[in-house]
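The values are calculated or read from the model by the stated rules, or taken from the named source; none is laboratory data. Keep in mind that this is a model prediction, so the values were computed, not measured. Cβ placement follows ideal geometry from the backbone for every residue including glycine, while neighbour counts extend to all protein chains displayed. These area figures cover heavy atoms from the full protein model, side chains too; ligands, DNA and RNA do not enter into them. Shrake-Rupley method; radii C 1.70, N 1.55, O 1.52, S 1.80 Å.
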Amino acid sequence: MKNELLRLEHICFQYEDKFPALKDVSITFQKGERIVVLGNNGAGKSTFFLCCNGILRPQSGAIFLHGQKMSGSKEDIRKLRQTVGLVFQEPDTQIIAGTVGNEVSFGPMNLGLDRKEVELRISMSLARMNLEGYESRAPHYLSGGEKKRVSIADILAMEPDMILLDEPTASLDPENVALLERTLEELNEAGITLVVSTHDVDFAYGFARRAVVLSQGEIIRDSDIEEVFRDDEVLEKAGLKKPLLCKVAEVLETHFPEAGDIKRPRRMEAFSDYAKRLLGQDPKQACSPQEKRTAEEGF
């Protein structure tokens, strides 16, 4: 396909003396997609990311980048890691340099770029992450949210086509989660494919258009995120809960006959319009007077 970015075919990976972490995984990522990877602990999400990025080499199967099969050579691995960036769950796992500037310069310098190009990439990456003026600061003394932004700037300096983010909202307060959401929106609008692994189903529901569900190392569902959260059997098998807005919409749909024809809100900002559209209908036959009063008071 013209827009195909990364493709995995029949990937299998097993750690020593353990059950298989990935079993016959096949998936294709297109340019500009916004995807979430869901599953409980031990489902294989982190191993999946490490294989996509080339840190782990599958025991069997094949990986294709822009339609070209990766051979496992040093050159192919370098190309894969440059194109598919990985942001780890814990920034301290990723951050190794003594200053933010040196940290963000590490990747571009390993690409053999000249100093002027490296400095340009540092400047652009820090600006995109709202970290201007942080070049000389020690990253390990930054806040959790700032460290997370530095770890993303690390990857942006490599100018990837695709970024994998492992539990990006972990340990972040609401303000930093909101900032992260805005940042991811901007990166996706710039054409970068984003794949996020998360346990935060409310974040996932608002962020992604496509959801991939892993369970015991296998992909058990890969489809539109709305369809995934309507599939109770898959959710139960994967140990997932429904997002709050999804639950609210289901309750309202049982009381308002035409609610199913209105697109469900996936972000809280859209819920007000959704509620107004519902209240514009005649709910008399759909709910009791008490339920109607509750709805009119703002749910």
So residue 208, is it surrounded by fewer than 17 Cβ atoms within 10 Å (Cβ to Cβ), aliphatic (A, V, I, L, M) and either touching a strand residue (DSSP E or B) at 6+ places or on another chain (Cβ under 6 Å) or without any contact (Cβ under 8 Å) to a residue 12 or more places away in the chain (or both): no
Those residues of the range 232-263 which are at pLDDT 85 or above and either surrounded by 17 or more Cβ atoms within 10 Å (Cβ to Cβ) or in contact with a Cys (Cβ under 6 Å, 6 or more places away or on another chain) (or both), in sequence order: 234, 235, 238, 240, 242, 243, 245, 246, 248, 249
State all residues of the range 14-41 that are open to solvent by 60 Å² or more (accessible area, probe 1.4 Å), of a type outside the set (A, V, I, L, M, F, W, C) and either in contact with a strand residue (DSSP E or B) (Cβ under 7 Å, 6 or more places away or on another chain) or over 24 Å from residue 209 (Cα atoms) (or both); if no residue qualifies, say none. 14, 15, 16, 17, 18, 23, 24, 31
Just to be sure I understand, how many residues within the range 109-129 are open to solvent by less than 60 Å² (accessible area, probe 1.4 Å), closer than 17 Å to residue 148 by Cα and in a helix (DSSP H, G or I)? 4
Counting only residues that are open to solvent by 20 Å² or more (accessible area, probe 1.4 Å) and within 15 Å of residue 180 (Cα to Cα), how many does the range 139-153 have? 5
Taking the range 79-108, which residues are open to solvent by 60 Å² or more (accessible area, probe 1.4 Å) and either closer than 21 Å to residue 168 by Cβ or modelled with pLDDT under 90 (or both)? 81, 88, 89, 90, 92, 93, 96, 106
Tell me whether the range 166-173 contains one or more residues that are in contact (Cβ under 8 Å) with a residue 12 or more places away in the chain, under 11 Å from the mean Cα position of the chain (by Cα) and surrounded by fewer than 17 Cβ atoms within 10 Å (Cβ to Cβ). no
Of the residues 92, 76, only one is among the charged types (D, E, K, R), closer than 23 Å to residue 180 by Cβ and in a helix (DSSP H, G or I); which? 92
How many residues are touching a helix residue (DSSP H, G or I) at 6+ places or on another chain (Cβ under 7 Å) and not hydrophobic (A, V, I, L, M, F, W, C) if we restrict to the range 43-75? 3
